[in-house]
Every structure is written in structure tokens, then in C-alpha cells.
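Below: the structure, in C-alpha cells.
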Amino acid sequence: MATLQISSSLFISFLLTLCLFVIPSLSSDSDPLQDFCVGDLKASPSINGFPCKSAVSASDFFYSGLAGPLDTSNPNGVTIAPGNVLTFPGLNTLGLSMNNVELAPGGVNPPHSHPRATEAGILVEGSIFVGFVTTNNTLFSKIMTAGEMFVIPRGLVHFQWNVGKDKARMITAFNSQLPGTVGLPNTLFGSKPEIPNTVLTKAFKTDDTTIANLKSKFVG
Ligand code: GLV
Ligand code: MN
């Protein structure tokens, strides 16, 4: 009986140890199983990305959609050109993607997070204030100048603000073919259907009018 108990607790410890090794290897996109698998975007995505396109040519491995200059004349003064699997299917199953982010003077890339990737970025021109907030509510931030690199740990809320007099431009990279973006203002005040006002008035310790006003800015 005692032997049985010892062997079952050994077995449970073995399983727990195994989980410790297995879980980290599942924390980003899976490894490729072949040289490449250019995504067939017309097919439905499977758990490991899009099915592979059958006829492939050199043009599947090049993408010019990140080229600027981008038009930043919008209310936030920021425009992002994404190079992810949806715009550049050659990235399918390869576990990475990039953005070109351009900010007008004073422009803000609002607080957001990427549920499936860590983000690294290099400031190519201009000067930005970049920051992220940890799960214990600490803000790490810096005013960066061109040539400097930053990293945003996976899933953490971050933002960029152009504090210079000229346009700012950065290239960001992600360890996922489709990192996903949770934009906090849109997620909270522009979801469809809406998050009930009671939830938001309690969460933000405010009243219905304030919440209705915020929601009105994020409809559509
Ligand atoms: C910047 O934060 C980006 O997501 O490209
Ligand atoms: Mn980001």
C-alpha cells in the first residue's frame, strides 16, 4: 500500500516536472515542419496557421507594404503598416512579423497589448516616449532617439508618443506571424455588442454620462 502511494506521488511529480518543460515551449508560434508554407489565405486557418499554397514563386517571399512615408493625418496622428501573415502570407508558420509605425509630431499610438507576441522595435527617425506597464502596475518608460531599440514583453500594455518636432518612424518586430492587438480604448468602449455601462461605471468609478460620452467616441 505504502509502495503504491510512493509510486503515485512520484508519478504526479514526474507529470508536474514534465509540464514545466513543455509549457514554455508552447508559449510562442509552433516550429515550422518544412522549409516554408506560404499561406493560402482563401482557405480556413487551422490551429497552426493557414494551409500551404501549392504553387509558390519568388514573389511570395518579398513584401513592399511596409514602405513609407505613411499618411499620419488622423486624430491620433499614427499610422501602422503591418507585415503579418494576413498581408504577407510568406510568413505563414515562420513565427514572426513586422510593422512600420509612423507618428506625426504629438501623435500617440494608444495603449494596447499583443496577446501572442513579444515586441521589439527600433526607432529609425525622430524621438518618442515609449512605455509599458507590468502586471504589478509599474511603468517602465524612456524618451528614445533614433537608432535605439526597445522591447515590450509579451502581453503587456504599452504605448508610444512622438515627443519630437518632426515625424517619428519605427520598425517593430514580433515573435508571431499574427501577434494580435488588443487596443484598450476600442476594446473597452467600442466592442460590439457593448460592455454594459454598469460594468464600466463600476470599473472606472464614474457615472453613466461619462461612459456614454466615451462610448460615443468609439462607435463604428
Ligand atoms: C507598436 O507598438 C506596434 O505594435 O507596432
Ligand atoms: Mn505594440
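Between Asn197, Asn136, Asn162, the distinction of being of a type outside the set (Gly, Ala, Ser), farther than 17 Å from Asn76 by Cα and in the same structural domain as Val108 (by TED's automatic domain parsing) belongs to Asn136 only.
Annotation: Arg154 fulfils all but one of (1) touching a Phe, Trp or Tyr at 6+ places or on another chain (Cβ under 8 Å); (2) within 16 Å of ligand 1 (Cβ to nearest atom); the unmet one is (1). Restricting attention to region 96-107, the residues being away from ligand 2 (no atom under 12 Å from the Cβ) and surrounded by 18 or more Cβ atoms within 10 Å (Cβ to Cβ) number 5. Within region 93-127, the set of residues being within 12 Å of ligand 1 (Cβ to nearest atom), hydrophobic (A, V, I, L, M, F, W, C) and touching a residue at least 60 places away in the same chain (Cβ under 8 Å) comprises Met98, Val101, Leu103, Ala117.
Considering only residues of region 133-163 that are touching a residue at least 12 places away in the same chain (Cβ under 8 Å) and among the aromatic types (Phe, Trp, Tyr), which is most open to solvent (accessible area, probe 1.4 Å)? Per the stated criteria, the residue is Trp161. The residues of region 117-129 that are within 12 Å of ligand 2 (Cβ to nearest atom) and surrounded by fewer than 21 Cβ atoms within 10 Å (Cβ to Cβ), listed by number, are Thr118, Ala120.
Residues in region 35-46 that are assigned to a loop (DSSP other than H, G, I, E, B) and without any contact (Cβ under 8 Å) to a residue 12 or more places away in the chain were compared, and the one that is least open to solvent (accessible area, probe 1.4 Å) is Ala43.
Applying the selection to region 164-195, what residues are of a type outside the set (D, E, K, R), away from ligand 2 (no atom under 16 Å from the Cβ) and surrounded by 16 or more Cβ atoms within 10 Å (Cβ to Cβ)? Correct list: Gly164, Leu188, Phe189, Gly190.
The values are calculated or read from the model by the stated rules, or taken from the named source; none is laboratory data. Please read these numbers as outputs of a predicted model, since none were measured by experiment. Every residue, glycine among them, receives a Cβ derived from its backbone with ideal geometry; neighbour counts consider all protein chains shown. Accessible surface areas use protein heavy atoms only, side chains included; no ligands, DNA or RNA. Shrake-Rupley method; radii C 1.70, N 1.55, O 1.52, S 1.80 Å.
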